[in-house]
Each structure stands twice: as structure tokens, then as C-alpha cells.
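The values are calculated or read from the model by the stated rules, or taken from the named source; none is laboratory data. Just so you know, these numbers come straight off a predicted model, no measurement behind them. Note: ideal-geometry Cβ built from the backbone for every residue, glycine included; neighbour counts use all protein chains shown.
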């Protein structure tokens, strides 16, 4: 569609992983995907700290950057607030939510059981196309493994991790569960990106994914659920270690 000479391009930007972000409007039609793309782009920028915790969001600048109207932007901000990624205060403005370790602990308690349920349901309901998508994501991760220790590579690997989880959540074919997991994953990902920044640590997120993919292929919900639960627990333990190590070091001095 973008290549159609009769299509009017109305938004041109960059995806989180560096791909071109383009929105189009067909003559006599309506804008396609702009609000959704802008939402995902802003979400990714907050999670990866391109927009820092506590930073004031300039709504006029966002309107210019994403070339959207006030109503679509308002809906995007409502969704980001629902996701726990921004805070809005009357007469003060819209701010990126600060990092809150207490919130992280609460989210992990909920997410452990929900991820286990995700594995069980996905093993029963995942489609061939979704299995192929997961395989393609893992192939992309392997291709990125040979790249250097660069912030863009880390962001690309992080995007792969997002895509992998999003596909799993879609595979449950449970809309309410998917929405809840999407929100909780975003909160956890902010902490992961804040404290765990090396390429090797990001790659470690994919350590059990081939075993998980095999369990999904075999329709083994018990194994898939256990692998996802362990994945979240390992991530939580690593973040807690990153936070506690400096505190313990200070106490022992």
C-alpha cells in the first residue's frame, strides 16, 4: 500500500528497532495505523529510557513529531497511563512514571502465575503462523548475536523480546489476559532495561526460548507454563540482585 503512487504519506518516522515508520491515508479514506504506531513507539521509548523517568512530556512536540491530532494523542496518553508508564496531573502536565521497586515486586507476584497460565493456554491454542513468527524472531536474535556491543543492537534485541512475548500473548486467544499481560510486561521491561543493559544479559532473556518453542510445538502446556514462570522469576531475581548489591556493599564498608 505504501508503494501505491495514489497513496498520500502523512507520517514518516523510525520504528524502535530502526525500521522506517510510515503512516498512510488513502484518498477518500482515513488514516491507517498512525495512532497504534505512535502508541507503540512512545511505549518503547519510555521502557528503554529514551524518555527518562520523571521527564515532562511536551504534548505540543508530540503532536508535531507523530503528526496526529489532539484526540488521538489524548487516547494514546490514556492508554500509556493505563499501562502505568505515565502520570498526568491537572495544570502540571504529563510525566513519565518514576521507577518504583515496590511496584515491581507487586507486578512480579501477579505475573508469575499469569505467565504460567499463558504457557498452558498458548500450547493448546497457538496457530502454525504464530509458531512460525516465534521461529522468525529467534532467527533474528541469532543474527544479532554476531553484532557488536552497541546501544542500537541492545534495543533491537529488546524489540525481539517484546515481539516474542506479544506473539505468545496473542496465542492465548484470550483478549482480557492479553491486555493484562501486555501492561505487566511493560512495567517489568522498564526495570530490566534500567538495571540490565549489557548485550549478553539481554541475550540471556532468550536462553530457554528454543525449549519453550519445542514445548509449544508438542502442545505441552505444563512444560511451557513452567518455562515461562521460571523465565520471569529469573529476570526478577537478577534485577533484585542488581538493586541489592550496591546497598549491601555500602553496609559492609
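Per the listing 82, 43, the residue uniquely modelled with pLDDT of 90 or more, closer than 25 Å to residue 155 by Cα and exposed (fewer than 15 other Cβ atoms within 10 Å of the Cβ) is 82. Answer yes if at least one residue in the stretch 45-60 is in a helix (DSSP H, G or I) and farther than 20 Å from residue 166 by Cα, and no otherwise. Yes, the stretch 45-60 has at least one match.
Taking the conditions exactly as written (part of a helix (DSSP H, G or I), in contact with a strand residue (DSSP E or B) (Cβ under 7 Å, 6 or more places away or on another chain), modelled with pLDDT of 95 or more and not assigned by TED's automatic domain parsing to the domain that holds residue 232), does residue 77 satisfy them or not? So residue 77 passes the test. Only one of the numbered conditions (1) in contact with a helix residue (DSSP H, G or I) (Cβ under 6 Å, 6 or more places away or on another chain); (2) at pLDDT 95 or above is violated by residue 129, and that is (1). Inclusion of residue 158 among residues that are assigned by TED's automatic domain parsing to the domain that holds residue 203, over 10 Å from the mean Cα position of the chain (by Cα), surrounded by 16 or more Cβ atoms within 10 Å (Cβ to Cβ) and part of a helix (DSSP H, G or I) is not warranted. All of 136, 87, 124 fail the test of being surrounded by fewer than 20 Cβ atoms within 10 Å (Cβ to Cβ), without any contact (Cβ under 8 Å) to a residue 24 or more places away in the chain and not assigned by TED's automatic domain parsing to the domain that holds residue 66, apart from 136. Quick one: is residue 200 loosely packed, with under 15 Cβ neighbours inside 10 Å and out of contact with any helix residue (DSSP H, G or I) (no Cβ under 7 Å at 6 or more places or on another chain)? Against the criterion (loosely packed, with under 15 Cβ neighbours inside 10 Å and out of contact with any helix residue (DSSP H, G or I) (no Cβ under 7 Å at 6 or more places or on another chain)), residue 200 qualifies. Counting only residues that are under 17 Å from residue 234 (Cβ atoms) and either within 17 Å of the chain's Cα centre (by Cα) or part of a loop (DSSP other than H, G, I, E, B) (or both), the stretch 97-111 holds 4 of them.
The residue that is modelled with the lowest pLDDT, counting only those in the stretch 139-157 that are out of contact with any helix residue (DSSP H, G or I) (no Cβ under 6 Å at 6 or more places or on another chain) and closer than 18 Å to residue 208 by Cβ, is 145. Filtering the stretch 161-177 to residues that are surrounded by fewer than 19 Cβ atoms within 10 Å (Cβ to Cβ) and closer than 19 Å to residue 108 by Cβ leaves only 177.
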